[in-house]
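What follows is a set of notes on a single structure, which appears directly below.
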Amino acid sequence: MMVPTLPLIGFAGYLLYGQYLKEKSAGLLASLWIILSFFLTLILFFQLNESSPAINVHLFDWINTDDLNIPFEFRIDQLSIIMMLLITGVGSLIHIYSTGYMHGDEGFSRFFAYLNLFIFFMLILVMANNFVLMFAGWEGVGLCSYLLIGFWYKDHENNKAANKAFIINRIGDLFLLFGLFLLYKQFGTFIFSDLEQNIAGSMSSPEILTFITLLLFIGATGKSAQIPLYTWLPDAMAGPTPVSALIHAATMVTAGIYLIVRSNFLFALAPLTNEIITFVGLTTSIFAGVIATKQNDIKKILAYSTISQLGLMFFALGLGAYGAAFFHLLTHAFFKALLFLGAGSVIHGLHGEQDIRNMGNLKKYMHYTHLLFLIGVLAIIALPPFSGFYSKDNILSLAYIQSPIWWIAALFAGLLTVFYMLRLYFVVFWGKERMSQDTINKIHESPWSMLLPLLILGILSVFGGWINAPELLLGNKWLEHFISPIVSIHPSHLPHSTEWILMAVSMGSILLVAVMTYQKYVSKAHVPLIESNAKDGSFVNLIRNKFYVDELYESVIGKSFLKLSQFFNSIFENQVVRRITDGTGQLSLYVSENIRKTQNGFISYYLFAMALGVLGILTIFIFFAL
Amino acid sequence: MNDVTQLQDQLRLVPLEHYVFLCIVLFCIGLTGVLLRRNLINVFLSIELMLNSINLLAVAFSVYYNDPNAQAFVFFIMVVAAAEVAVGLAMLVMIYRNVQTVDINALNNLKW
């Protein structure tokens, strides 16, 4: 299949010739590969409808033994084609954007090489027809994420952030691997379609299934930044902003969601796991939302917001609303990419300034960015008719079916989103300028190569919700019907009147919070700068320091691990390993020191030894062999 | 034909064991010479002695078992011995020119 190959060609090309390319041609060429594969995907997409069977493309046998057969085979069905569209589509927009954003960077072509490689691995991840190939893509995107977070490798902090992301992801991956092994042991195959059949046929105990799904879920929390493995994502913002938009908002972090949607036939059989997922997702959503309200770095706020939205998706997954979660994944990819790229545009315009306390009144200087960022904000706070409204409302109403308490909790998470996003928006784009005069003079609107992707993403953020609009709002739930071969449609039992009431309540509360935020940050011109100087209550401090989770991990896991390593170093390494290795060397030295004295240079001596040897061999032959 | 059988009969007058013992004695003398003599020429001579004791043994068996193959081998061994002597004596001459001696123990520089 050509679609994933093209980005790989791009990567290989950059690896070999990247240094000879001029900046302009390098950027154009890299974007071209992705755009080309986007159009190929589009052609493929129009050949599929909701009843067409999955296309399997067998490339070659990857691992082939007696009882383990893993083909290198792609499965293109309704779920993966939409992911492919998302990846190549948003990917190409971000490539175009990057040609503007990374302009003048010395690692320009290296950046595009990594980006192309990332798209390749992400496509492998979503196109794989078995868990092992998917895991290969899963690891590949982790690698690219690591490379791109540490892209500006001369700053040690970036390297640390990259390491952190890599290591925390590895923890999740380990559990994922355990889950896969168990899965294979139970059902004897890694291929999705075979697995689905085997599970339907087998009578395995629910405990095992719960265990497997839990392990898979822990793997997903690593990649999708959920409690307890979420701490890497805010630090991952050390990478260039387009990377944050592409990898850490739109595509890679949704891999965990994709994993669960893809294996929903497993998760549907493990109710306990689902409850845990719901709980973890909701907790993460609220937790990250609370942290986001007190952050001052524009990208960190967006990072926590991503965690919060991902938490909401997991919440929906746990409720069994796979379609709704997938729908939110799509709309979130649009508006979060838009927000990140908008933030990138702001950072670009302010020459690298990321602290919102040093911004303000940017609507006067960057009209287009302001407008498009506003669209992103309105979409994420779920105001109709923006796309976020449809997907969040979908999740909320499904939560209400399960229990009104879930609904209230999810609504609370949504209201937190409203607060921190509007806080971000008002502080950055309204109020007084808090930059130095020098910076104000140099503020500039971004070039068209950056604004064009913003514009397209803005359009998608506005209208993207219509692909799954409910009957109530004159839609036909196209998306859920389209992916129905993979994910069975979740029936909605709510009467229309209830749905209207729920919608009205959530809209009302959103508007209320919005007005409050406006009051606080515009009318009273409250600036976070003053906040942090003031002596706050201990709770606010707690939030500002992200609940000391990093410190907790550091002291509990990091320190104890260090202690353990030191223990092993002093006992095992020094006493056992060193004795063995050094002893081997010293023994051979000692032996050869003595043996070499036999080599004294006298020929007759050698001859005598030879004669003795021959005699010895003859003796052996005569007395033993014959 | 008659001559050959006559010759064989004459050779068989001496029992086979005697040939074998003679050869062992010759071989051991040669071996002792190789191991104990320090003059390179003597060492060479001893090697020739060992080779020829083997030749003798082969021929003796050839006669007693009516198998001419062994005699063909003897010719090969003779050729090899001749070649070896040619090369060895040439080396010996070169060694003598270099170290002014044919003492085997003078050549003990190649060690450790």
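The values are calculated or read from the model by the stated rules, or taken from the named source; none is laboratory data. This structure is a prediction, so every number in the text was calculated from the model and none was measured. Cβ coordinates were reconstructed from backbone atoms using ideal geometry, including for glycine residues, and neighbour counts include every protein chain displayed. To get the accessible areas, we keep the full protein, side chains included, count just its heavy atoms, and leave off ligands, DNA and RNA. Shrake-Rupley method; radii C 1.70, N 1.55, O 1.52, S 1.80 Å.
Scan the helices (runs of 4 or more DSSP H) fully inside segment A:191-264 and keep the ones with 1 or more residues being closer than 30 Å to A:L454 by Cβ.
A:206-223, A:232-235, A:241-245, A:255-262
Identify the single condition in (1) within 11 Å of chain A (Cβ to nearest Cβ); (2) loosely packed, with under 12 Cβ neighbours inside 10 Å that B:L36 does not satisfy, given that it satisfies every other one.
Condition not satisfied by B:L36: (2).
Any idea which of (1) surrounded by fewer than 24 Cβ atoms within 10 Å (Cβ to Cβ); (2) touching a strand residue (DSSP E or B) at 6+ places or on another chain (Cβ under 8 Å) is the one A:N274 doesn't satisfy?
(2)
Which count do you get for residues in segment A:210-228 that are surrounded by fewer than 24 Cβ atoms within 10 Å (Cβ to Cβ) and not hydroxyl-bearing (S, T, Y)?
Here the count works out to 6.
Looking only at segment A:288-296, decide whether some residue is of a type in the set (A, V, I, L, M), farther than 30 Å from A:E196 by Cβ, in a helix (DSSP H, G or I) and open to solvent by 10 Å² or more (accessible area, probe 1.4 Å).
Of all residues in segment A:288-296, those of a type in the set (A, V, I, L, M) come to A:288, A:290-292.
Next cut, farther than 30 Å from A:E196 by Cβ only: A:288, A:290-292.
When the remaining residues are screened for being in a helix (DSSP H, G or I), the result is A:288, A:290-292.
Those still in the list that are open to solvent by 10 Å² or more (accessible area, probe 1.4 Å) too: A:290.
Checked segment A:288-296: at least one residue is of a type in the set (A, V, I, L, M), farther than 30 Å from A:E196 by Cβ, in a helix (DSSP H, G or I) and open to solvent by 10 Å² or more (accessible area, probe 1.4 Å).
So which pairs qualify, if the first residue must be in segment A:586-609 and at the interface with another protein chain (Cβ under 9 Å from one of its Cβ atoms), the second must be open to solvent by 70 Å² or more (accessible area, probe 1.4 Å), the Cβ gap must be under 7 Å, and the two must be at least 6 apart or on different chains?
Going by the 7 Å Cβ cut-off, the qualifying pairs are A:R596/B:W112; A:Q599/B:K111; A:Q599/B:W112; A:N600/B:K111; A:G601/B:N109; A:G601/B:L110; A:G601/B:K111.
Just one of A:P485, A:P495, A:P470 is open to solvent by less than 40 Å² (accessible area, probe 1.4 Å), within 25 Å of A:I401 (Cα to Cα), modelled with pLDDT of 70 or more and not polar (S, T, N, Q); which is it? Break it down into steps so the answer makes sense when it comes.
Numbers: A:P485 fails: open to solvent by less than 40 Å² (accessible area, probe 1.4 Å); A:P495 fails: open to solvent by less than 40 Å² (accessible area, probe 1.4 Å).
Answer to the check: A:P470.
Within segment A:363-391, how many residues are in contact with a His (Cβ under 7 Å, 6 or more places away or on another chain) and surrounded by 23 or more Cβ atoms within 10 Å (Cβ to Cβ)?
Just the residues of segment A:363-391 that are in contact with a His (Cβ under 7 Å, 6 or more places away or on another chain), to begin with: A:363, A:391.
Still in the list and also surrounded by 23 or more Cβ atoms within 10 Å (Cβ to Cβ): A:391.
Residues that pass the stated criteria total 1.
Matching residues to (1) part of a helix (DSSP H, G or I); (2) within 27 Å of the chain's Cα centre (by Cα):
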| residue | (1), (2) |
| --- | --- |
| A:E353 | no, yes |
| A:G360 | no, no |
| A:K363 | yes, no |
| A:P384 | no, no |
| A:I405 | yes, no |
| A:L415 | yes, yes |
| A:T439 | yes, no |
| A:E445 | no, no |
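Let me confirm something: among A:A413, A:A379, which residue is touching a Ser or Thr at 6+ places or on another chain (Cβ under 6 Å), in contact (Cβ under 8 Å) with a residue 60 or more places away in the chain and farther than 21 Å from A:L457 by Cβ? Break it down stepwise before answering.
Working: A:A379 fails: farther than 21 Å from A:L457 by Cβ.
Exactly one residue qualifies, and that residue is A:A413.
Yes or no: B:V20 over 23 Å from B:V79 (Cβ atoms), within 18 Å of the chain's Cα centre (by Cα), part of a helix (DSSP H, G or I) and more than 14 Å from chain A (Cβ to nearest Cβ)? Steps first, answer last, please.
On the way: over 23 Å from B:V79 (Cβ atoms): yes; within 18 Å of the chain's Cα centre (by Cα): yes; part of a helix (DSSP H, G or I): yes; more than 14 Å from chain A (Cβ to nearest Cβ): yes.
Taking the combined requirement at face value, the residue satisfies it.
Only residues in segment A:236-262 that are closer than 24 Å to A:A324 by Cβ count as the first member; pair them with residues that are open to solvent by 10 Å² or more (accessible area, probe 1.4 Å), Cβ under 6 angstrom, at least 6 apart or cross-chain, and list the lot.
Short answer, once both residue conditions are applied: A:V261/A:Y322.
Failed condition for A:N163, given (1) within 17 Å of the chain's Cα centre (by Cα); (2) polar (S, T, N, Q); (3) buried (at least 21 other Cβ atoms within 10 Å of the Cβ), with all others met?
(3)
For B:I29, all conditions in the list (1) surrounded by fewer than 16 Cβ atoms within 10 Å (Cβ to Cβ); (2) more than 14 Å from every other protein chain (Cβ to nearest Cβ) hold save one; what is the number of the exception?
(2)
Can you tell me how many residues in segment A:610-626 are open to solvent by less than 100 Å² (accessible area, probe 1.4 Å), within 14 Å of chain B (Cβ to nearest Cβ) and of a type in the set (A, V, I, L, M)?
Number satisfying all stated conditions: 4.
Kindly indicate the residue of segment B:88-111 that is away from chain A (no Cβ under 14 Å), open to solvent by 90 Å² or more (accessible area, probe 1.4 Å) and in a helix (DSSP H, G or I) and also nearest to B:V34 (Cα to Cα) among those meeting that condition. Show your work before the answer.
The initial filter retains those residues of segment B:88-111 that are away from chain A (no Cβ under 14 Å), namely B:89-90, B:93-94, B:96-98, B:100.
When the remaining residues are screened for being open to solvent by 90 Å² or more (accessible area, probe 1.4 Å), the result is B:94, B:96-98, B:100.
Applying the additional criterion that residues be in a helix (DSSP H, G or I) yields B:94, B:96-98.
Working: B:M94: 20, B:Y96: 19, B:R97: 22, B:N98: 22 Å.
That would be B:Y96.
Filter segment B:37-76 down to residues that are part of a helix (DSSP H, G or I) and acidic (D, E), then give me how many there are. Even if it seems obvious, please write down each step before you answer.
Step one: of segment B:37-76, the residues part of a helix (DSSP H, G or I) are B:40-65, B:69-76.
From what's left, acidic (D, E): B:48.
Total meeting the criteria: 1.
Could you figure out which of (1) open to solvent by 10 Å² or more (accessible area, probe 1.4 Å); (2) assigned to a helix (DSSP H, G or I); (3) in contact (Cβ under 8 Å) with a residue 40 or more places away in the chain; (4) closer than 22 Å to A:D393 by Cα isn't true of A:A324?
Single failed check for A:A324: (1).
Might you check whether a residue that is open to solvent by 60 Å² or more (accessible area, probe 1.4 Å), touching a Leu at 6+ places or on another chain (Cβ under 9 Å) and more than 12 Å from chain B (Cβ to nearest Cβ) occurs anywhere in segment A:564-585?
So far as segment A:564-585 goes, no, none of its residues is open to solvent by 60 Å² or more (accessible area, probe 1.4 Å), touching a Leu at 6+ places or on another chain (Cβ under 9 Å) and more than 12 Å from chain B (Cβ to nearest Cβ).
If we keep just the residues of segment A:179-219 that are more than 21 Å from A:G318 (Cα to Cα) and among the aromatic types (F, W, Y), which is farthest from the chain's Cα centre (by Cα)?
Within segment A:179-219, the match that is farthest from the chain's Cα centre (by Cα) is A:F187.
Would you call A:S391 among the hydroxyl-bearing types (S, T, Y), modelled with pLDDT under 85 and within 30 Å of A:H367 (Cβ to Cβ)?
no
Check segment B:50-58 and report whether any residue there is within 11 Å of chain A (Cβ to nearest Cβ) and loosely packed, with under 15 Cβ neighbours inside 10 Å.
From segment B:50-58, those within 11 Å of chain A (Cβ to nearest Cβ) are B:50; that's our starting set.
Then drop every residue that is not loosely packed, with under 15 Cβ neighbours inside 10 Å, which leaves none.
No, segment B:50-58 has no match at all.
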